[in-house]
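The values are calculated or read from the model by the stated rules, or taken from the named source; none is laboratory data. Quick caveat: nothing in here was measured; it's all calculated off a predicted structure. Virtual Cβ from ideal backbone geometry, glycine too; neighbours counted across all protein chains shown.
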Amino acid sequence: MVSATTSTSLDDVTAEIVRQFDVSDASLRAISDKFVRLSRTGLELPDQAMTMIPTFVTEVPTGNEHGTFLAVDLGGTNFRVCSVRLNGDGTFNLLQAKSVIPKNLMVGNAVDLFSFLAGKVRDFISTHLDEHFSQSESHVLKLGFTFSFPINQTAINRGTLIRWTKGFDVQDAVGKDVCLLLQDQLDALNLRVHVAALVNDTVGTLMSRSYASPGQYPTLLGVIIGTGTNAAYTESLSEIKKLSTSSSSSFSSSSPSSIMVVNTEWGSFDNDLVVLPRTEYDEAVDLVTPNPGFQMFEKRVSGMFLGEILRTVLLHLNNTGLLFVGATSQELSTPWSLDTSVLSLIESDSSPELVSVKAMIETDLELSTTLSERLAIKRIVEAIGRRSAYLAGAAIAGVVLHTGVLDRLPYVDVGVDGSVFEFYPGYENLIRESLNAVLGADNEGKIRIGIAKDGSGVGAALCALVA
Ligand code: BGC
């Protein structure tokens, strides 16, 4: 870490920290190159960190799909239950209920977690879908289960949990089929609901973007940059070599389809940190997670970690006597006390006195600041945010290069969802700078990026439909 001596000023040390978070064009290109190599390896061999999971989704929507489906979404701090009516014209009606997952269930046992989820499905059905119960005994609702963690998927509604991410740690669920865990608890409540599809949120994003904006050029990629980060894309079936060698897979190579959606699990790209940047602040953050050494790309990009990276830098500057001089606070020393929304807010404050930054540090960290301290904090925030977007851009460029899509099509469509992409000021422009650095300005101009809202609800419904 950068240490203070009597001659160093906050300005000098800030400049050095900003430099550490900088990612050069050459590094971005090295990241994309390695991404292409790991994509190939992951499609060929099982058990790679960047897993390249075949999802058994072999078609993407056209926009003409119809029907009413149930969808549930487990993947971050909230659990969502929704009913989705697809109107067949690219539009849909969505009704949803959100509940916070109690912290103790995130690190407890599987039965407690999944019976909590089933209970929320029961509550939703009895509040919103009463007519379901009045229908005949044989009427079963199809449910799409968005489960956004690495899965060893063996069929559209079968998959065993490889590992937890994003702060979850329910050990007795690892290695179990999460569809069966949910189905058992739904059955225990006598609900006439069938878990028809297991869907990663990135797959849902890809599906919902394809449904809502069917155009001349199909959507290649669904990306999440929220609490966690990941992407799914359409791959030629023949390229997924490990499908034909896997004994656990129920997929027949005689399938008439020629594509399959692949969930990259890019959060675990370059866990050995050969091409990813590393600062001592990243190392400190990694050590306070339940999975040190894993999800190293995610820990530099996604919302769950950006606030903690910032807190770690600020704490260091405080410890070296350069920031909040003579003061400190419980909040500043408490891991995870800063949310990523804090970075968005600091980034968007362009007032000369940085008044929102001042108010935010007073509220969230209970510390007062001078203007020069706030200017330093803003520079640090910009560096952390820029690095996140640049890395995300390099990974998107990696998928574009890996698929060679620009050799076949004049444009590429990318659907993105997640709080960081949606709310972090200027994030898409920063992604574009990175695409430009890796692919060149011409190719960057051929990449269309659009928000894909409600991917985990609509996308899961679409998967339940094709299941
Ligand atoms: C999970 C992915 C998920 C991503 C975004 C990551 O931590 O491993 O499966 O898609 O978060 O929610």
Filtering segment 98-111 down to residues that are of a type in the set (Gly, Ala, Ser), in contact (Cβ under 8 Å) with a residue 40 or more places away in the chain and not in a loop (DSSP other than H, G, I, E, B) yields Ala110
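Mind listing just one residue for me: the one in segment 384-421 that is of a type in the set (Gly, Ala, Ser) and surrounded by fewer than 22 Cβ atoms within 10 Å (Cβ to Cβ) and, of those, farthest from the ligand (Cβ to nearest atom)?
Our first condition is that a residue be of a type in the set (Gly, Ala, Ser); within segment 384-421, this holds for 385, 388-389, 392-395, 397-398, 404, 415, 418-419.
Pick out the ones that are also surrounded by fewer than 22 Cβ atoms within 10 Å (Cβ to Cβ) and you get 404, 419.
Values: Gly404: 24, Ser419: 11 Å.
Out of the qualifying residues, it is Gly404.
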Subset of segment 185-244, residues closer than 30 Å to Lys120 by Cα, away from the ligand (no atom under 13 Å from the Cβ) and assigned to a loop (DSSP other than H, G, I, E, B), comes to Leu189, Asn190, Leu191, Arg192
The residue from Val100, Val107 that alone is of a type outside the set (Gly, Ala, Ser) and within 16 Å of the ligand (Cβ to nearest atom) is Val107
Filtering segment 270-311 down to residues that are over 20 Å from Ile377 (Cα atoms), of a type in the set (A, V, I, L, M, F, W, C), within 11 Å of the ligand (Cβ to nearest atom) and crowded, with 21+ Cβ neighbours inside 10 Å yields Phe297
Exercise. Does Thr340 count as within 16 Å of the ligand (Cβ to nearest atom) and more than 22 Å from Ala394 (Cα to Cα)?
Worked result: no
In the set Leu43, Leu95, Leu28, the lone residue that is at pLDDT 90 or above, within 19 Å of Ala232 (Cβ to Cβ) and outside any loop (DSSP other than H, G, I, E, B) is Leu43
Restricted to segment 64-77 and to residues being touching a residue at least 40 places away in the same chain (Cβ under 8 Å) and outside any strand (DSSP E or B), the residue farthest from the ligand (Cβ to nearest atom) is Glu65
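So which residues in segment 412-445 are outside any helix (DSSP H, G or I) and in contact with a strand residue (DSSP E or B) (Cβ under 6 Å, 6 or more places away or on another chain), if there are any at all? So that I can check it myself, show each step before the final result.
So in segment 412-445, the residues outside any helix (DSSP H, G or I) come out as 412-418, 424-426, 440, 445.
Hits for segment 412-445 are Val412, Asp413, Val414, Gly415, Val416, Asp417, Gly418.
So which of Arg80, Arg163 ends up being within 16 Å of the ligand (Cβ to nearest atom) and in a loop (DSSP other than H, G, I, E, B)?
Numbers: Arg80 fails: in a loop (DSSP other than H, G, I, E, B).
When all the criteria are applied, what remains is Arg163.
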inquiry  = For the structure I just gave you, tell me whether Ala30 is among the small types (Gly, Ala, Ser) and under 30 Å from Val381 (Cβ atoms).
reply    = yes
